[in-house]
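The values are calculated or read from the model by the stated rules, or taken from the named source; none is laboratory data. Quick caveat, the model's predicted, so the values are computed rather than measured. Here the Cβ positions follow ideal geometry from the backbone for every residue, glycine too, while neighbour counts run over all protein chains shown. Note: areas computed on protein heavy atoms with side chains; ligands, DNA, RNA excluded. Shrake-Rupley method; radii C 1.70, N 1.55, O 1.52, S 1.80 Å.
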Amino acid sequence: QVQLVESGGGLVQPGGSLRLSCAASGFTLDYWAIGWFRQAPGKEREGVACASNSDNNTYYAASVKGRFTISRDNAKNTLYLQMNSLKPEDTAVYYCAAANGRRLCRANEYDYWGQGTQVTVSS
């Protein structure tokens, strides 16, 4: 069965960095659309970064472009989100997600979700 498990969240100071990991099982990452989403209290779930090898598409939200990088290690079947120059407004629960096929970077496009990991950016 498809499972996604996030890790790597925590408390970091503004300007700091974190790398989130998402261990996948039950499918091969390379052939699925994958993405990172976040949700802050009282806000909608937001697409942060999405990628698909099927069409070589990569998307970043304007608010994170140049600071965040999505990547995957196919040998380890693991998805990553490298987050640099973190800002307080990046504080949210971060989720990894997957779908079998091409997808837009919208939460309602994705079928499988991890449990989420909290990222808090504060001094």
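For the range 50-90, taking the residues that are in contact with a Leu (Cβ under 7 Å, 6 or more places away or on another chain) and not aliphatic (A, V, I, L, M), the one that is farthest from residue 30 (Cα to Cα) is identified as 68.
Among the residues of the range 72-79, are any outside any helix (DSSP H, G or I), among the polar types (S, T, N, Q), under 12 Å from the mean Cα position of the chain (by Cα) and at pLDDT below 95? Yes, the range 72-79 contains a residue that is outside any helix (DSSP H, G or I), among the polar types (S, T, N, Q), under 12 Å from the mean Cα position of the chain (by Cα) and at pLDDT below 95.
For the range 108-123, the candidate set comprises residues that are part of a strand (DSSP E or B) and either open to solvent by 70 Å² or more (accessible area, probe 1.4 Å) or among the aliphatic types (A, V, I, L, M) (or both); within that set, the residue that is farthest from residue 64 (Cα to Cα) is 112.
Inspect the range 53-62 for any residue being in contact with an Asp or Glu (Cβ under 7 Å, 6 or more places away or on another chain), more than 16 Å from residue 95 (Cα to Cα) and modelled with pLDDT under 95 and give the result as yes or no. Yes, there is a match, as at least one residue in the range 53-62 is in contact with an Asp or Glu (Cβ under 7 Å, 6 or more places away or on another chain), more than 16 Å from residue 95 (Cα to Cα) and modelled with pLDDT under 95.
Scanning the range 12-71 for residues that are of a type in the set (Phe, Trp, Tyr), surrounded by fewer than 18 Cβ atoms within 10 Å (Cβ to Cβ) and assigned to a strand (DSSP E or B) yields a single hit, 59. Of all residues in the range 95-117, those satisfying the criterion of being over 23 Å from residue 41 (Cα atoms) and of a type outside the set (A, V, I, L, M) are 100, 101, 102, 103. For the range 19-39, the candidate set comprises residues that are more than 14 Å from residue 51 (Cβ to Cβ) and over 12 Å from the mean Cα position of the chain (by Cα); within that set, the residue that is modelled with the highest pLDDT is 25.
Among the residues of the range 86-107, those identified as over 15 Å from the mean Cα position of the chain (by Cα) and open to solvent by 60 Å² or more (accessible area, probe 1.4 Å) are 87, 88, 89, 100, 102.
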